[in-house]
Structure formats: C-alpha cells, structure tokens
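Heads up, the thing below is written out as structure tokens.
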Amino acid sequence: MNATSTEKNRVLIVDDEPGNIKILASVLSADYALSVATSGAQALQIAQVQAPDIVLLDMLMPGMDGIQVCEALKADEATKAIPVIFVTSMSDAMNEERGLEAGAVDYISKPISPPIVKARVKIHIQNYLSRRFLENLLANKETSLDETAKEEAESLLVFF
C-alpha cells in the first residue's frame with residue numbers, strides 16, 4: 001500500500017486479548033488504518049488479503065503463537081517483507097531473542113509506552129516503504145525512473 005494524502009498506512013494488530021487491541025488501537029488510530037486479528041490463523045488471512053504495512057503481534061496466543069505466525073509470514077513470498085513488531089508481556093532477553101530470530105524487526109514489552117509505540121511503528125513503516133521504493137526502482141527499469149521515483153517519493157514524503 002502506498003500512502004497518499006487520502007490513504008493511511010495499514011497496521012495489523014494481532015492479540016487474543018481485546019483489551020490489548022483497544023489500547024494499541026487508541027494509540028495508533030489517528031495516524032493509521034487499522035486491522036485486527038484475535039488469532040494467528042486470522043492474522044495470516046488478513047495479511048494475505050490486505051497486505052498491511054506493519055504487523056504488531058502478541059507472542060502468547062492460544063493455538064498458533066506469535067513466533068509461529070511470524071515464521072509463517074516470513075516464509076510466504078507475499079508477506080515476507082512486511083515488518084513485524086512483537087508487543088508482548090514476555091520481556092525477558094531469551095524471548096526477545098526468539099522473536100528477533102523468527103524475523104521480527106523489533107520487540108516492545110507490555111505495558112506499552114504510547115510515544116515509544118508510535119515512534120517505532122513510524123520508523124519501521126518508513127524503512128519498509130523505503131525498501132519497497134528501491135525494489136520498485138530496480139524492478140521497473142523499462143519504466144521511466146522519473147515517473148516511478150516521483151510517485152514513490154510522494155508516498156514517502158507523507159511521513160516527513
């Protein structure tokens with residue numbers, strides 16, 4: 001998804017606890033379009049259909065846990081580049097390492113700090129869009145780089 005003046009970047013919030021979803025939604029809803037999932041399987045379906053710009057993922061969920069969801073996202077060609085941030089009560093170094101090894105770009109411990117969540121989501125979306133911009137420039141060699149660069153640069157400028 002490219003952000004324009006009328007289109008917000010999409011954040012997928014995945015947590016089995018509605019209260020946690022509500023807290024994250026209240027922090028991010030003014031700046032982002034939000035999707036929510038309450039299970040790992042639901043998160044994978046939504047990611048396929050909506051292609052979010054970032055996933056905020058709880059580590060502890062019944063059935064498919066956050067590590068399994070992250071690994072599944074990273075194993076799928078369509079979703080592997082989407083950044084994943086674990087937002088979890090499991091604040092020990094061993095679980096943080098497990099999350100990063102599974103493919104997450106960041107790890108936020110609960111209870112969250114709203115300014116930290118906002119800052120980390122913003123920077124990881126910027127990085128994701130910048131990477132997509134470069135990949136599109138390389139993939140579209142036959143297209144005028146000026147047109148492609150202008151369109152993608154406009155979507156990146158929304159953040160600045």
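Here, the stretch 1-101 is characterised by an Rg to Rh ratio of 0.95, where Rg is the alpha-carbon radius of gyration and Rh the Kirkwood radius. Spatially close Lys pairs in the stretch 10-157, defined by Cα atoms under 26 Å apart and a spacing of eight or more places or different chains, total 15.
Restricting the trypsin sites (Lys or Arg not before Pro) of the stretch 1-84 to loop positions (DSSP other than H, G, I, E, B) with no more than 11 neighbouring Cβ atoms within 10 Å leaves Lys80.
The numbers here are math on the coordinates, done by the rules we state, and not lab data. Please read these numbers as outputs of a predicted model, since none were measured by experiment. Quick reminder, even Gly has a Cβ in these numbers, built from the backbone with ideal geometry, and neighbours come from all protein chains shown.
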